[in-house]
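Report on the following structure.
Derivation of every value follows stated rules applied to the coordinates shown; laboratory data play no part. In this text the structure is predicted, and so the values were computed from the model without any measurement. Reconstructed Cβ throughout: ideal geometry from the backbone, glycine too, with neighbour counts over all protein chains shown.
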Amino acid sequence: MTSITFTINGTTKTIDVPPMKRLLDVLREDLHLTGTKEGCGEGECGACAVLLDGELVNSCLVPALQAEGAKLCTIEGVSTEGRLHPIQQCFLEKGGAQCGICTPGMILATQHLLDKYPNPTMEQIQEGLAGNLCRCTGYMRIFEAVQAAATITDPELAGTSR
Amino acid sequence: MSHQSPIIGTSPIRKEGRAKVLGEAQYIDDLSLPGMWFGATVRSAVARGTIRSITFGEEINWDAYCIVRPADIPGENTIVHLTKDHPCLADGMVNHPEEPILLIAHPDKIALLAALKAVHIEYDELPGVFTIEESEAAVENNDAARIIWPGSDAGGTANCFRQYLMYSGTAEETEDGIAAAFEAADFIIEGEYATGAQEQLYIENNGVIAECFRDATGNIESVCVRGSMQCPYYLVHALTLVFNLPEEKCRVIQTETGGAFGGKEDFPSVIGSHAALLAMKCGHPVKITYDRAEDMAATTKRHPSRTRHRTAVSKDGKLLAGTIDFAIDGGAYATLSPVVLSRGTIHAPGPYKWPFIRVRGKAMATNLPPHGAFRGFGAPQSIFGIERHMDKIAKTIGLTPEELRRRNFLTTGDTTATGQLLSDPVDMQHMLTRALNEAGYHEKLARFAESNKGSAIKRGVGFAAFMHGAGFTGSGEARLNSVVYLDALPDGRAQILVSSTEFGQGTQTILCQVGAQALGIAYEDVIFHQPDTKFVPNSGPTVASRTAMIVGKLIERAGKKMLETLRAAGLSEHHSSDEFKACVKSYLAEHGTLRSSVRYEPPTKIFWDDQLYRGDAYPGYAWAVYVAEVAVDLNTYMATVTRFDALQEVGKVIHPVLAKGQIEGGVAQGIGYAIYEKCMWKDGRMMNNQMTNYIMPTSADLPPIHIHFEEVPCIHGPEGAKGIGELPMDGPAPAILNAIENATGIAFNTIPVLPEDIFERLTSLGHPHGGSEDFNLTVDRDTRVEEVTA
């Protein structure tokens, strides 16, 4: 067991875990943050995507040890006191979530994309989300949600996930 | 009715959407019960054989584990669908790779892995059959060693789960008509078309948690299974046999379901029974969740198929007669194959007028894991055949694909191949015109013909025209006999109780819209009860594009019935939501409860003959024309879809945003089916059971998908809605392959078409590097054309 300290959704935590335990399992089992999903367990589908120091990572491929000292953001940290983040609101209104299992990862990928390109082109959206598989939507509603979210600038919510 | 503005036709926020975007929705793997153990499955390492011995390695302390063997099953060792050939656990004999043999549970998930490895099974292997052709050959050659399925009293014969013979008239008159037409035809055109297996690839794997309860004397009192599924009552039925318990003692609860597409129609009966057996034996709740590799290797997929067409055509492009032989690979057990075959057989003739047609369908047994339900349910397979074949006929006789179809489309007042009179308006001529215009088809045909010259990128356009029946086939809905409840709640809201499930397609939302509109109250004032068989009635399975049309209609009727009761209790003719609530409250104060219960009533005008396989196959059809635009790169041999237009007539569109999402998602799966997704098999085992090497389309692979609706209300659905769920799976594959033929001149008649397939065809034709040649191939290898000289 190794003691690991990191900041998760704005709160600093120290936990004892096997150093090679998957970050995904640490989140789901030790921290009970089950919004992060497992789809494939091999870094292909992006259902387990979280932000680690602002980078989008597949938490099924990250050993817990690598989170030492990091700032982590999961889907649970995207909204503020029950108020939906504009990205979440746009996914809701545009039909970007169907079965919902890819949605947490997709929303974090969108967050990462919009941090990098506040006004993304369609090509940047397609590339930026290409690591997150969705079997329901055919992505078209998701693209619309991302485009709509890009037009919303809400100073109260800007940067809350970082 | 009330003065409420219409809710059907608008796009309110989906009911469970907020929980999903917050990450708060609870899927089965997010749930845990006190004292819960974890279960795993010991599976067959061979395709077919007898089990000689099972030994348990000494390195494991087996006392700490719970093991379930076939002998532990208190009821019948079967997973029931249509017959009882499918064992819950293999007992002495295995018939496919990954067949469940033993179940193991332990409090620690990690400890299961070592135990699974320590179970050693020896087999005496038997020869297997792995394709439709091998299965047929065993029958033809009377090869007893390769008769892998004996036949059953439920309609099967050796190696064949079911056969259908469908005629456009009486058998004799149709056979005579076919014979005469083939004599008189200007052209006789044959073609063979094949489709591969396809994995549903829901992002949430199969998973359940089961509990078993005993009475004071230790007897099994009841079981309860919750999990990811489409059809809670299918699992109830399976549990009644495995546990020998009455229905009311087998409770099933659907939890949030992360995609299904048919893959969670029949399979939860397997994993649900398994978990319940472990819970019974170990005395704890047991969770089984598959990982991706196990889910892909062991659970159902779309049936591979082969369609053979032989068609008599006049030189002016009239279809005179046809014979279609449609075969699907059912895998090792019958499961749902007879029903998949039925839908595929009925859809095989396409949306065309056939003076005389005969369709033979058969579902063959192979030693693959059983194939099962997947969106479209047999129709995408046979529609691929007919829509490729129509382009073949057009090319052969010198008409455009458009003109050939125009000369043969079914229209209002015609009868289909099953003898169903199309009394509702059908206008495929207009549909085709509009779809081609929306897609810019004619302009592109001309432009690409020019730009392809001298270019290594060959562009093309193609389309497919088709129909898809909504609801269960024939007398199926009458047999289902579905029931819905609508309750008035103490706070004045209404609650829908049905076994119809939400798995992304929008069941909760559209049924609440229908309920709200029927009751004349706000969408927010109608809520949806979790599908839990302790509370909800059996409104049938959530399959077959039936939920919006069939269950929606029942909800509409239940709403009207409730309104009648409340009107009699004083609710005004033009009530507001608040007046409705007040009336409910006073009604409940006086009467205690208010439940509106409605049962399906078969339309009196609908008739179906199961023996002759004739009549009204479906209460309603959706009609569609899909247009694909492709680019084939002769340097990389890669085909990509560059634009897609999908036009459909689906009756009233209940929720435009959800409806578009359904069609776009189905088109994306159809594009995957056509050019990306290939199941690789070796001796019956899937070799690429990972997302790394089974390739579904990503956001970067898909073109803009343009959705267009036509709305012709249908009396069988609420406010005229028909089913749309499966429809979009039917059209993309043939449209794309038609476009690839337009681009390259090469007819591909097997899907998927991967770069290696294009490479193989190009190099075998003497074009090793593609390049600038303009292909003009008149002969393709899968098709034989007879030009009949008078």
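Over the Cα atoms of the stretch A:86-150, how large are the radius of gyration and the largest Cα-Cα distance (Dmax), in Å?
Both quantities, over Cα of the stretch A:86-150: 10.1, 27 Å.
Take the Cα atoms of the stretch B:161-229, build their convex hull, and give its volume per residue in Å³.
For the stretch B:161-229, the hull spanned by Cα atoms encloses 226 Å³ per residue.
Residue by residue through A:101-111, how many Cβ atoms from other chains fall within 10 Å of the Cβ on average?
4
So what is the 222 nm mean residue ellipticity for chain B from helices alone, if each DSSP H run of at least 4 adds -39500 (n - 2.57) and you divide by all residues, rounding to the nearest 500 deg cm²/dmol?
-9000 deg cm²/dmol
Each residue of the stretch B:235-252 in order: what ³J(HN,Hα) in whole Hz does its phi give by Karplus 6.51 cos²θ - 1.76 cosθ + 1.60, θ = phi - 60°, with x for Gly and Pro?
5, 4, 4, 4, 5, 4, 7, 5, 9, 6, 10, x, 3, 5, 9, 10, 9, 10
Quick check: net charge around B:TYR123, other residues with Cβ under 15 Å of its Cβ, Lys/Arg +1 and Asp/Glu -1?
Net of charged neighbours comes to -3.
Using Cα positions and a limit of under 25 Å, work out the lysines in reach of B:LYS395, with same-chain residues fewer than 8 apart set aside.
Within the straight-line limit of under 25 Å, B:LYS395 reaches these lysines: B:LYS315, B:LYS318, B:LYS353, B:LYS444, B:LYS453, B:LYS458.
Per residue and in cubic angstrom, what volume does the convex hull of the Cα atoms of the stretch B:639-776 have?
Enclosed volume per residue, from the Cα hull, is 158 Å³.
Do any GluC sites (Glu not before Pro) in the stretch B:569-650 lie in a loop, going by DSSP, with at most 14 other beta-carbon atoms within 10 Å of their beta carbon, and if so which?
Counting only loop positions with at most 14 other Cβ atoms within 10 Å, the GluC sites (Glu not before Pro) in the stretch B:569-650 are B:GLU573.
Could you estimate the translational diffusion coefficient of chain B from the Stokes-Einstein equation, with Rh from the Kirkwood formula over C-alpha pairs, at 25 °C and 0.890 mPa s, in whole µm²/s?
Answer from the Stokes-Einstein relation: 89 µm²/s.
Given contacts defined as C-alpha pairs under 8 Å and at least six residues apart, what's the relative contact order of chain B, whole-number percent?
Answer for chain B is 16 percent.
Normalised by the number of residues in the stretch A:18-162, what is the relative contact order in percent for Cα pairs under 8 Å and 6+ residues apart?
Relative CO of the stretch A:18-162 lands at 26 percent.
Under the definition of partner shielding as Cβ atoms of other protein chains within 10 Å of a residue Cβ, what is the mean value for peptide A:83-95?
Counting Cβ atoms of other protein chains within 10 Å of each residue's Cβ and averaging gives 4.
Run down the aspartates and glutamates and flag those whose C-alpha is under 18 Å from the C-alpha of B:LYS581, throwing out any fewer than 8 positions away in its chain.
B:ASP487, B:ASP491, B:GLU524, B:ASP525, B:GLU564, B:GLU573, B:GLU590
If packing is taken as the average count of other Cβ atoms within 10 Å, what order do B:423-431, B:722-730 fall into, highest mean first?
Top to bottom by mean Cβ count within 10 Å: B:722-730, B:423-431.
Neighbouring Cβ atoms within 10 Å as the yardstick, rank B:THR366, B:THR217, B:THR412 fewest first.
So the residues, fewest neighbours to most, are B:THR217, B:THR412, B:THR366.
Run the numbers on the stretch B:631-702 and let me know its relative contact order in percent, using alpha-carbon pairs under 8 Å that are six or more apart.
It comes to 27 percent, rounded to a whole number.
Just for the Cα atoms in the protein assembly as shown, what are the lengths along the principal axes, largest first, rounded to whole Å?
Extents along the principal axes, in whole Å: 86, 75, 59.
Report the Cα centroid-to-centroid distance between the stretch B:25-45 and the stretch B:532-591 in angstrom, as an integer.
Each part reduced to its Cα centre gives a spacing of 37 Å.
Explain nothing, just compute: Karplus ³J(HN,Hα) = 6.51 cos²θ - 1.76 cosθ + 1.60, θ = phi - 60°, for every residue of the stretch B:511-527 in order, whole Hz, x for Gly and Pro.
5, 5, 4, 4, x, 5, 5, 5, 8, x, 10, 6, 3, 5, 8, 10, 10
Roughly how many Å is it from the Cα centre of the stretch B:202-225 to that of the stretch B:361-388, as a whole number?
Answer, in whole Å: 33.
Only helical DSSP H runs with n ≥ 4 go in: add -39500 (n - 2.57) per run for chain A, normalise by residue count and round the 222 nm mean residue ellipticity to 500 deg cm²/dmol.
So the calculated ellipticity at 222 nm is -7500 deg cm²/dmol.
Modelling each spin label as a point 7 Å along the Cα-to-Cβ direction, I'd like the A:THR11/B:ALA137 distance in nm, to one decimal.
6.4
When the Cα centres of the stretch B:486-504 and the stretch B:727-749 are compared, how far apart do they sit, in Å?
Taking the Cα centre of each part, the stretch B:486-504 and the stretch B:727-749 sit 43 Å apart.
Rounded to whole Hz and in sequence order, give me ³J(HN,Hα) for the stretch B:308-319 from the Karplus expression 6.51 cos²θ - 1.76 cosθ + 1.60, θ = phi - 60°, writing x for Gly and Pro.
Taking θ as phi minus 60°, the curve returns 10, 10, 9, 10, 9, 9, 7, 6, 8, x, 8, 6 Hz for the stretch B:308-319.
Quick check on the stretch B:183-296: take the gyration tensor over C-alpha atoms, sort the square-rooted eigenvalues as a ≥ b ≥ c, and tell me if it's rounded (a/c under 1.5), prolate or oblate.
prolate
B:GLU173 to B:ARG479: FRET efficiency via 1/(1 + (r/R0)^6), r the Cβ-Cβ distance, R0 45 Å, to the nearest 0.05?
For R0 = 45 Å, the calculated efficiency reads 0.90.
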